[in-house]
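As structure tokens, the structure follows; a few thoughts come after it.
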Amino acid sequence: MIQLSACIIVKNEAFLLPYCLESISTFVDEIIVVDTGSTDETIKIARKYHAQVYQFPWTEDFSAARNKSIMYARGEWILYIDADEAIDRVNASKIRDVMKRKDVMGITIRQCIPQQINNIATAYYSEYCRIFRRHKDIRFVGKIHEQILPSIERLGGKVLRTDIVFNHWAYAINEEKKRRRAARNLRYLLLELENVQHDPFLYFNLGTTYCELGKKDAALRSFHHALDLDKGNIKRELIGQVHLGLAKLYLELDNFAKAEYHAQMVSYYDPANPLSAYILATVSVVNKQYKAAIVHLEHTIQINKGETGMLPSVELNMAQIYLELGSCRSASGDILDAEKDFARSLEYNPLVALPYVLLGNCRFLYGDKKEAEKMYEHALAIDPSLENARYGLAACLTNKK
């Protein structure tokens with residue numbers, strides 16, 4: 001009996017497809033691959049993993065290709081996944097467990113999207129219905145950012161929310177690929193806009209895409225239009241994402257009052273998003289309100305660690321968060337707790353020089369020149385060009401004399 005069918009649509013995915021197929025081949029009962037025109041080794045790789053491969057001419061409609069893939073499925077359940085995604089063994093086991101539920105028609109997962117290095121956010125999480133019962137009336141809708149959930153809801157089916165994670169790697173690979181995808185997505189979104197003009201989800205995706213392309217004015221207009229169209233019939237977390245997009249844009253445009261307002265709205269609609277508190281902390285630092293910034297950063301840490309009782313929708317660079325928290329404490333005169341935060345920053349990433357410099361400064365202020373000297377030397381071992389570390393070390397050596 002075929003219980004679980006994995007359905008994938010592909011085009012020139014030879015680089016990442018093996019990782020995807022390797023991750024699912026041990027727990028799905030069949031793999032359906034619909035190819036929309038590959039010219040590389042994609043089809044050969046799919047057949048190596050015993051996938052059933054079908055051809056489908058690309059029509060600039062993701063739902064059309066997805067719906068074709070699920071037409072070939074024979075399983076009781078369907079899992080749809082992309083070639084640049086993978087599922088580890090722990091989450092594969094969870095999938096098999098939740099499929100035993102008799103009262104459920106759809107199952108949501110958390111798509112984890114790792115980010116480029118040097119980003120305050122190390123990963124974003126988005127919730128999608130990616131596992132569902134095979135049913136003739138369950139079909140995808142939308143030319144781009146296609147969804148299966150609306151058809152399940154029309155049938156009155158129960159959707160189970162889970163903590164199952166899919167890792168989505170495409171946007172962590174390189175910035176150029178990210179921009180190419182954004183340009184492609186924009187083209188499809190504008191085509192969709194010709195037929196659907198009152199969908200806040202569409203305008204949210206437009207705003208996000210314009211952000212990725214650096215078109216800030218267009219992004220602002222799209223996000224605001226999404227808010228104007230909201231009638232309370234889409235997920236509140238999505239409205240939180242719209243406000244987050246606006247908060248980030250206004251922060252970049254130095255409109256701190258509007259950035260603060262939209263960050264507060266993020267915390268209302270999506271309290272599991274730590275970026276709301278982080279943006280509020282950033283605004284407080286700009287206004288030299290360091291004690292307020294400390295409160296916001298402490299709340300950022302609580303959300304990020306799941307201490308508020310919710311799974312965070314974003315994972316943050318905790319080394320950077322503790323570094324900024326220590327800097328705020330130092331600016332407010334709390335050197336002792338600042339030192340603790342700099343040390344915590346190093347626990348998360350001991351290969352960064354700045355926390356050693358700041359620790360050296362704290363210990364120099366305490367009069368512990370020997371420990372300060374060690375910290376400055378650590379910093380210079382990582383980055384010999386740091387002038388502030390050299391000045392600190394020189395000061396320690398001068399005091400010795």
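The values are calculated or read from the model by the stated rules, or taken from the named source; none is laboratory data. Small disclaimer: the values here were computed from a predicted structure and weren't measured. Every residue, glycine as well, gets a Cβ built from its backbone with ideal geometry; the counts of neighbours run over all protein chains shown. Areas reflect the complete protein model, heavy atoms only, side chains present, ligands, DNA and RNA absent. Shrake-Rupley method; radii C 1.70, N 1.55, O 1.52, S 1.80 Å.
Out of residues 5 or more away from Leu4 or on other chains, whose amide H comes under 5 Å of its own, with H placed 1.01 Å from N in the peptide plane?
The list, which skips near neighbours in sequence, is Asp29, Glu30, Glu76, Trp77.
Only sites in a loop by DSSP and with at most 14 other Cβ atoms within 10 Å count here; which GluC sites (Glu not before Pro) in region 300-352 make the cut?
Working: sites: Glu307, Glu315, Glu324, Glu339, Glu347; in loops: Glu307.
Sites meeting the loop and neighbour criteria: Glu307.
Report, in degrees rounded to the nearest 10, the 0 to 90 angle that the Cα long axis of helix 236-252 makes with the longest principal axis of the chain.
That helix lies at roughly 40 degrees to the long axis.
Rounded, prolate or oblate for region 1-65? Axes are the square roots of the Cα gyration tensor eigenvalues, ordered a ≥ b ≥ c, and the cut-off for rounded is a/c under 1.5. Each step should come with its number before you reach the end.
Numbers: a/c = 2.11, a/b = 1.33, b/c = 1.59.
Note, shape of region 1-65 comes out oblate.
If I compute volume of the Cα convex hull per residue in Å³ from the structure I just sent, which labelled value in [x] 162; [y] 173; [z] 146 lines up?
Correct label, based on the coordinates given: [x].
Cα gyration tensor of region 163-259, axes a ≥ b ≥ c as square roots of the eigenvalues: rounded (a/c below 1.5), prolate (a/b > b/c) or oblate? Walk me through the numbers on the way to the answer.
Numbers: a/c = 1.28, a/b = 1.14, b/c = 1.12.
In terms of gyration-tensor shape, rounded.
Considering only protein heavy atoms and a 1.4 Å probe, what is the carbon-and-sulfur percentage of the accessible area of region 124-170? Could the numbers behind the result be given before it?
On the way: 1090 of 2270 Å².
Carbon and sulfur together cover 48 percent of it.
Given Met105, Trp58, Ile31, which one lies farthest toward the positive end of the charge dipole of region 1-117, if we put +1 on the Cβ of every Lys and Arg and -1 on the Cβ of every Asp and Glu?
Met105
Which one of Tyr203, Tyr80, Tyr54 has the biggest mean-square fluctuation once the chain is modelled by GNM with Cα springs under 10 Å?
The residue that fluctuates most here is Tyr54.
Residue farthest toward the positive end of the dipole of region 1-148, with Cβ of Lys/Arg at +1 and Asp/Glu at -1: which of Ile95, Gln116, Ile9?
Ile95
Taking amide H atoms as placed 1.01 Å from N in the peptide plane, list the residues 5 or more away in sequence, or in a different chain, whose amide H sits under 5 Å from that of Val34.
Amide H neighbours of Val34, under 5 Å, 5+ apart: Ile8, Ile9, Val10, Tyr54.
Does region 93-144 come out rounded, prolate or oblate by the C-alpha gyration tensor, with a ≥ b ≥ c the root eigenvalues, rounded set by a/c under 1.5 and, if not, prolate when a/b is larger than b/c and oblate if not?
Working: a/c = 4.41, a/b = 1.73, b/c = 2.55.
Here region 93-144 falls in the oblate category.
For region 338-386, what relative contact order do you get, as a whole percent, if you take Cα pairs closer than 8 Å and at least 6 residues apart? It would help to have the intermediate numbers written out before the result.
Working: 47 pairs, mean separation 16.7, N = 49.
Reported relative contact order: 34 percent.
Quick check: with the 1.4 Å probe, what order do Trp169, Trp58 take by accessible area, largest first?
Details: Trp169 105, Trp58 75 Å².
Of Trp169, Trp58, the descending order of accessible area is Trp169, Trp58.
Whole number in Å², please: accessible area per residue of the chain, 1.4 Å probe, ligands, DNA and RNA not counted. Before the final figure, lay out the partial values.
Values: 19490 Å² over 401 residues.
Heavy-atom accessible area per residue stands at 49 Å².
Using only Cα atoms and rounding to the nearest 10 degrees, what angle (0 to 90) does helix 290-304 make with the longest principal axis of the chain?
Rounded to the nearest ten degrees, it is 40.
Could you check how much of the accessible area of region 289-377 is carbon and sulfur, as a whole percent, using a 1.4 Å probe?
Result for region 289-377: 52 percent of the exposed heavy-atom area is carbon or sulfur.
Which of Met310, Met265, Ile78 sits closest to the plus end of the dipole of the chain, meaning its Cα is farthest towards the positive end, when Lys and Arg get +1 and Asp and Glu get -1 on the C-beta?
Among Met310, Met265, Ile78, the one farthest towards the positive end of the dipole of the chain is Ile78.
Can you give the Kirkwood hydrodynamic radius for region 310-364, in Å, rounded to one decimal and based on Cα pairs? Working shown, then result.
On the way: mean 1/r = 0.0885 Å⁻¹.
Evaluated on region 310-364, it is 11.3 Å.
Summing -39500 (n - 2.57) over the DSSP H runs of n ≥ 4 in the chain and dividing by its residue number, what mean residue ellipticity at 222 nm do you reach, to the nearest 500 deg cm²/dmol? Kindly include the intermediate steps, with their values, before the conclusion.
Working: 18 runs with 218 residues, N = 401.
Calculated from helices alone, the mean residue ellipticity at 222 nm is -17000 deg cm²/dmol.
Under 30 Å from the Cα of Lys216, which lysines turn up, not counting those fewer than eight places away in the same chain?
Excluding near neighbours in sequence, the set is Lys143, Lys177, Lys178, Lys231, Lys235, Lys248, Lys258, Lys288.
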